[in-house]
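Down below is the structure, laid out as structure tokens.
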Amino acid sequence: MGPYLKDFMHAFVHALKNLLPIIIVVVFFQSVILQQMPDNSLSMAIGLLIVAVGVALFLQGLELSIFPVGKSLSNQFAKRGSIPILLSFGFALGFSAVVAEPALIAVAEQAQQISEGRIDALTLRLLVAVSVGLVVALGVFRTIFGYPLHWFMIIGYICVVVITYFAPEEIVGLAYDSGGVTTNIVTVPLIAALGIGLAASIRGRNPLTDGFGLVALAVMVPMISVQLYGILVFSGAEPDPAAVTSLASDSAQKLSGPLIMLLELAEMLRDVLPIIITILFFQYLVMRRPLSNPRAILFGFALVIFGLYAFVVGLKMGLFPIGSSMAEQLINLDGYWYVYLFAFLIGFATTMAEPALIAVGKQAEQAASGRLNGNTIRILVAIGVALGITIGVHRIIDGGSMHYYIMGGYTLVIILTILAPRYIVALAYDLGGVTTSEVTVPLVTALGIGLATAIEGRNVLIDGFGLIAFASIFPIVTVMLYAIAMQAVSSWKKVET
């Protein structure tokens, strides 16, 4: 257990450093702007320590279980050369990783309640999960045959923009948010490991240009399918709002004490279980081979589950209560300048602490062989998220149409995709997906719904959703702009010499 403990302590210290920006933002707003410290300061400090423990356990669990098993299965499938098996594995992995995604469940239930039953939560979840399964299979197909990702993304986002123009305004924000929340701290590393492992196993494939891109596709396609679902749903008659009363009454029944802890731990197990079942099914029943180191892998999965549990518990104790109360207080201040500032800073801080971004940043640094720096990537993505959330908050305050903001944003992305160097395209799109995970989604969703509720004349269903979409668009923009600028500087230096 010596090496495990050493790795854990290293990851724990690293996690504390990553949480420092969030602490600075919270302390700054409470002490300088609001000029009062919260009553639950001790609870917040304990919660942040629990978050750090959760991140450390999770990252260590990834290295022991999900990463090696995902890459090993990809290598085995590539050597076997069976395209149907590879495509089936891609679909099963995408579906199982998303169907029980906690952020998607939360967004779907909120959508069902706010739409008064018109949007069905289970239907929305299944639709998104099937979409992700199909698109991961498509991404595997692209990697096998070496088709350039940028054509898939350009054509895909042209379809997204066109469908957005015709989609009802009630579904647009939700559709983009549904695409964003499909990628969490379990899904992203697993899908990324599949793509990178597959690209490394096939001769002539580059892990950077061919290995990344699965996450990007997993974010894009649900946007299309959910908007088509919205066109179908909102073209029919309105349902009886009593459809959601049972949901509201059920959620009112609360448990307490140790039962809550056991229930939340069971939910973490439920979230990871579909992935474990998929991996074991393909490992033992399809490949008919035992795991190379089952004890270490089992221990790794246990660390992932307990890490997720500690992570979510720590967020609830340390960040959510203070974040909600600060958002409410800032809305009541004169003018909205402080709301913009809070949106920018909290977007930057939460992204810098995002475990999935840390994991993918490390993988990108290794795959790029020195061309990219993991810390630079994280800062670029964090700036993109901060800008995106700030622009999204302005849309809510201003009351502008989500259609035009989103269509404009993705038109810019399409133009940059054409101009950007090919090596950065897949990674940039993937980085747009990993920004919306367990830290960002609850804070950003609460901020959007809180603003739409507090500002007169705003519709919660139309205006409350959509911030996650902005948090996904602008990291793609900042990363591609950086790559274009670096390419221009490099070309200029060559001309000078």
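Derivation of every value follows stated rules applied to the coordinates shown; laboratory data play no part. Predicted model, so just to flag it, every value in this text is computed and none were measured. Note that each Cβ is placed from the backbone with ideal geometry, even for glycine, and that neighbours are counted across all protein chains shown.
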Task: Label-to-label distance, nm, for residues given as TRP492 and GLN366 (7 Å Cα→Cβ offset) - done: 3.5 nm
- [ ] Determine the relative contact order of the chain: mean sequence separation of Cα pairs under 8 Å and six or more apart, normalised by residue count, in whole percent.
- [x] 25 percent
- [ ] May I ask you to list the residues of the stretch 464-482 whose amide nitrogen lies under 18 Å from a point 7 Å from Cα along the Cα→beta-carbon direction of LEU412?
- [x] 466-482
TODO: Report the extension gain between HIS14 and ALA446 in nm, rounded to one decimal, defined as 0.36 nm multiplied by the number of residues separating them, less their alpha carbon distance.
DONE: 152.8 nm
TODO: Evaluate the distance, in nm, between pseudo-label points positioned 7 Å from the Cα of SER43 and of PHE141 along their respective Cα→Cβ axes.
DONE: 5.1 nm
Task: Mean Cβ count within 10 Å, highest first, over the residues of peptides 388-399, 411-422 - done: 388-399, 411-422
Task: Relative contact order (percent, whole number), the stretch 4-136, Cα cutoff 8 Å, 6+ residue spacing - done: 23 percent
Open item on the list: Suppose the chain between MET287 and ARG422 were pulled fully straight at 0.36 nm per residue; how much longer would it get relative to their current alpha carbon spacing?
Closed with: 45.2 nm
Task: Mean ellipticity per residue at 222 nm, deg cm²/dmol - from DSSP H runs of n ≥ 4 across the chain, formula -39500 (n - 2.57) - done: -26500 deg cm²/dmol
Task: Exposure rule at most 16 other beta-carbon atoms within 10 Å, DSSP loop GluC sites (Glu not before Pro): the chain longest free segment - done: 117-455
Open item on the list: Per 0.36 nm of contour for each residue apart, how much would the distance between SER31 and THR123 grow if the chain were fully extended, relative to their Cα-Cα spacing?
Closed with: 28.6 nm
